[in-house]
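Report on the structure given below.
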Amino acid sequence: MEANSSRELEARNYLEKHRIMELLTYLASALLFFRPEKPREYLISILERLRIAKVSGVAFPFFMDDSNIAAMFQMLDSSNKGSISFIQYKEALKTLGLCTADEVLKDDGHGITCEKFTREVNKRTQEIWSTF
(Lines give C-alpha, C1' and ligand atoms only; values in the text may rest on other atoms or scores of the structure.)
Protein backbone atom coordinates (compact mmCIF):
# COMPACT_ATOMS: atom_id res chain seq x y z
CA MET A 1 0.00 0.00 0.00
CA GLU A 2 2.79 2.41 0.89
CA ALA A 3 4.43 2.08 -2.56
CA ASN A 4 1.16 2.93 -4.35
CA SER A 5 0.61 5.93 -2.14
CA SER A 6 4.18 7.12 -2.75
CA ARG A 7 3.82 6.73 -6.54
CA GLU A 8 0.51 8.59 -6.48
CA LEU A 9 2.11 11.42 -4.52
CA GLU A 10 5.04 11.51 -6.96
CA ALA A 11 2.64 11.64 -9.90
CA ARG A 12 0.55 14.39 -8.30
CA ASN A 13 3.66 16.43 -7.51
CA TYR A 14 4.92 16.02 -11.07
CA LEU A 15 1.58 17.16 -12.54
CA GLU A 16 1.48 20.17 -10.21
CA LYS A 17 5.11 21.14 -10.77
CA HIS A 18 4.69 21.20 -14.54
CA ARG A 19 1.09 22.46 -14.46
CA ILE A 20 0.02 19.64 -16.74
CA MET A 21 -3.62 19.63 -15.65
CA GLU A 22 -3.92 23.36 -16.34
CA LEU A 23 -2.40 22.86 -19.79
CA LEU A 24 -4.77 20.01 -20.61
CA THR A 25 -7.78 21.93 -19.36
CA TYR A 26 -6.74 24.98 -21.36
CA LEU A 27 -6.23 22.90 -24.51
CA ALA A 28 -9.63 21.23 -24.04
CA SER A 29 -11.24 24.66 -23.59
CA ALA A 30 -9.62 25.84 -26.83
CA LEU A 31 -10.96 22.77 -28.64
CA LEU A 32 -14.47 23.38 -27.38
CA PHE A 33 -14.29 27.09 -28.13
CA PHE A 34 -13.07 26.75 -31.74
CA ARG A 35 -14.24 23.20 -32.59
CA PRO A 36 -11.67 22.72 -35.35
CA GLU A 37 -12.29 20.17 -38.12
CA LYS A 38 -8.98 18.48 -37.32
CA PRO A 39 -8.57 18.60 -33.53
CA ARG A 40 -5.26 16.73 -33.39
CA GLU A 41 -3.62 19.04 -35.89
CA TYR A 42 -5.07 22.03 -34.05
CA LEU A 43 -3.61 20.86 -30.72
CA ILE A 44 -0.26 20.18 -32.35
CA SER A 45 -0.25 23.70 -33.81
CA ILE A 46 -1.00 25.26 -30.41
CA LEU A 47 1.78 23.25 -28.76
CA GLU A 48 4.17 24.13 -31.59
CA ARG A 49 3.35 27.85 -31.24
CA LEU A 50 3.89 27.49 -27.50
CA ARG A 51 7.31 25.94 -28.09
CA ILE A 52 8.28 28.68 -30.55
CA ALA A 53 7.07 31.37 -28.15
CA LYS A 54 9.09 29.88 -25.32
CA VAL A 55 12.28 29.65 -27.37
CA SER A 56 12.01 32.95 -29.23
CA GLY A 57 10.26 35.13 -26.67
CA VAL A 58 7.38 36.01 -29.02
CA ALA A 59 3.82 36.34 -27.72
CA PHE A 60 2.19 33.21 -26.34
CA PRO A 61 -0.69 31.68 -28.33
CA PHE A 62 -3.83 32.93 -26.60
CA PHE A 63 -6.95 31.37 -28.04
CA MET A 64 -9.15 34.22 -26.89
CA ASP A 65 -8.64 37.88 -27.60
CA ASP A 66 -10.24 40.73 -25.65
CA SER A 67 -13.35 40.70 -27.86
CA ASN A 68 -13.90 37.00 -27.10
CA ILE A 69 -13.46 37.64 -23.39
CA ALA A 70 -15.90 40.57 -23.55
CA ALA A 71 -18.44 38.37 -25.36
CA MET A 72 -18.11 35.74 -22.64
CA PHE A 73 -18.59 38.43 -20.00
CA GLN A 74 -21.74 39.68 -21.76
CA MET A 75 -23.16 36.15 -21.74
CA LEU A 76 -22.53 35.97 -18.00
CA ASP A 77 -23.97 39.46 -17.45
CA SER A 78 -27.39 38.58 -18.86
CA SER A 79 -29.11 41.46 -17.04
CA ASN A 80 -26.64 44.05 -18.41
CA LYS A 81 -25.65 45.33 -14.96
CA GLY A 82 -22.07 45.85 -16.06
CA SER A 83 -20.82 43.33 -13.54
CA ILE A 84 -21.02 39.66 -12.69
CA SER A 85 -21.02 37.91 -9.35
CA PHE A 86 -17.89 36.52 -7.76
CA ILE A 87 -19.31 33.00 -8.17
CA GLN A 88 -19.84 33.55 -11.91
CA TYR A 89 -16.32 34.91 -12.15
CA LYS A 90 -14.75 31.93 -10.42
CA GLU A 91 -16.81 29.43 -12.45
CA ALA A 92 -15.78 31.14 -15.69
CA LEU A 93 -12.11 30.95 -14.69
CA LYS A 94 -12.52 27.26 -13.85
CA THR A 95 -14.27 26.59 -17.17
CA LEU A 96 -11.40 28.25 -19.02
CA GLY A 97 -8.86 26.21 -17.08
CA LEU A 98 -7.50 29.32 -15.41
CA CYS A 99 -8.45 28.43 -11.85
CA THR A 100 -8.51 25.16 -9.94
CA ALA A 101 -11.56 24.06 -7.97
CA ASP A 102 -9.67 24.37 -4.69
CA GLU A 103 -7.95 27.67 -5.46
CA VAL A 104 -8.91 30.35 -2.97
CA LEU A 105 -9.78 33.66 -4.62
CA LYS A 106 -10.42 36.79 -2.60
CA ASP A 107 -13.95 38.13 -2.88
CA ASP A 108 -13.82 41.86 -2.16
CA GLY A 109 -17.62 42.07 -2.07
CA HIS A 110 -17.85 44.07 -5.28
CA GLY A 111 -19.11 42.78 -8.59
CA ILE A 112 -16.58 41.85 -11.24
CA THR A 113 -16.53 44.32 -14.13
CA CYS A 114 -15.72 43.43 -17.73
CA GLU A 115 -12.42 45.30 -17.41
CA LYS A 116 -11.38 43.30 -14.34
CA PHE A 117 -12.58 40.04 -15.90
CA THR A 118 -10.59 40.70 -19.10
CA ARG A 119 -7.49 41.73 -17.17
CA GLU A 120 -7.62 38.64 -14.95
CA VAL A 121 -8.22 36.21 -17.84
CA ASN A 122 -5.29 37.69 -19.77
CA LYS A 123 -3.03 37.68 -16.69
CA ARG A 124 -3.83 34.09 -15.77
CA THR A 125 -3.46 32.95 -19.37
CA GLN A 126 -0.03 34.56 -19.58
CA GLU A 127 0.99 32.91 -16.29
CA ILE A 128 -0.06 29.48 -17.49
CA TRP A 129 1.66 29.72 -20.87
CA SER A 130 4.84 31.13 -19.38
CA THR A 131 5.29 28.09 -17.12
CA PHE A 132 5.58 25.65 -20.03
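Here are the numbers:
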{"quantity": "Residue in segment 47-68 that is assigned to a loop (DSSP other than H, G, I, E, B) and either among the basic types (K, R) or in contact with a Lys or Arg (Cβ under 6 Å, 6 or more places away or on another chain) (or both) present", "calculated": "yes"}
{"quantity": "Qualifying position, being more than 15 Å from T25 (Cα to Cα), under 17 Å from the mean Cα position of the chain (by Cα) and surrounded by 14 or more Cβ atoms within 10 Å (Cβ to Cβ), among M64, M72", "calculated": "M72"}
{"quantity": "Residues (assigned to a loop (DSSP other than H, G, I, E, B), among the polar types (S, T, N, Q) and either touching a strand residue (DSSP E or B) at 6+ places or on another chain (Cβ under 9 Å) or at positive phi (or both)) located in segment 82-121", "calculated": "S85"}
{"quantity": "Exclusive hit being among the charged types (D, E, K, R), open to solvent by 20 Å² or more (accessible area, probe 1.4 Å), free of Cβ contacts under 8 Å to residues at least 40 places away in the same chain and touching a Leu at 6+ places or on another chain (Cβ under 8 Å), set K94, K90, K81, K116", "calculated": "K90"}
{"quantity": "Count - residues of segment 36-61 that are modelled with pLDDT of 90 or more, open to solvent by 90 Å² or more (accessible area, probe 1.4 Å) and of a type outside the set (V, I, T)", "calculated": "4"}
{"quantity": "Lone qualifier among E103, E120, E115 - being modelled with pLDDT of 90 or more and under 19 Å from R19 (Cα atoms)", "calculated": "E120"}
{"quantity": "When residues of segment 1-35 are limited to those that are among the charged types (D, E, K, R) and in a helix (DSSP H, G or I), the one surrounded by the fewest Cβ atoms within 10 Å (Cβ to Cβ)", "calculated": "E2"}
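The values are calculated or read from the model by the stated rules, or taken from the named source; none is laboratory data. Remember, it's a predicted structure, so these values are computed and weren't measured experimentally. A quick note on method: Cβ atoms are made from the backbone with ideal geometry, for glycine too, and the neighbour counts reach across all protein chains shown. In case anyone asks, the SASA skips ligands and DNA or RNA and just uses the protein heavy atoms, side chains included. Shrake-Rupley method; radii C 1.70, N 1.55, O 1.52, S 1.80 Å.
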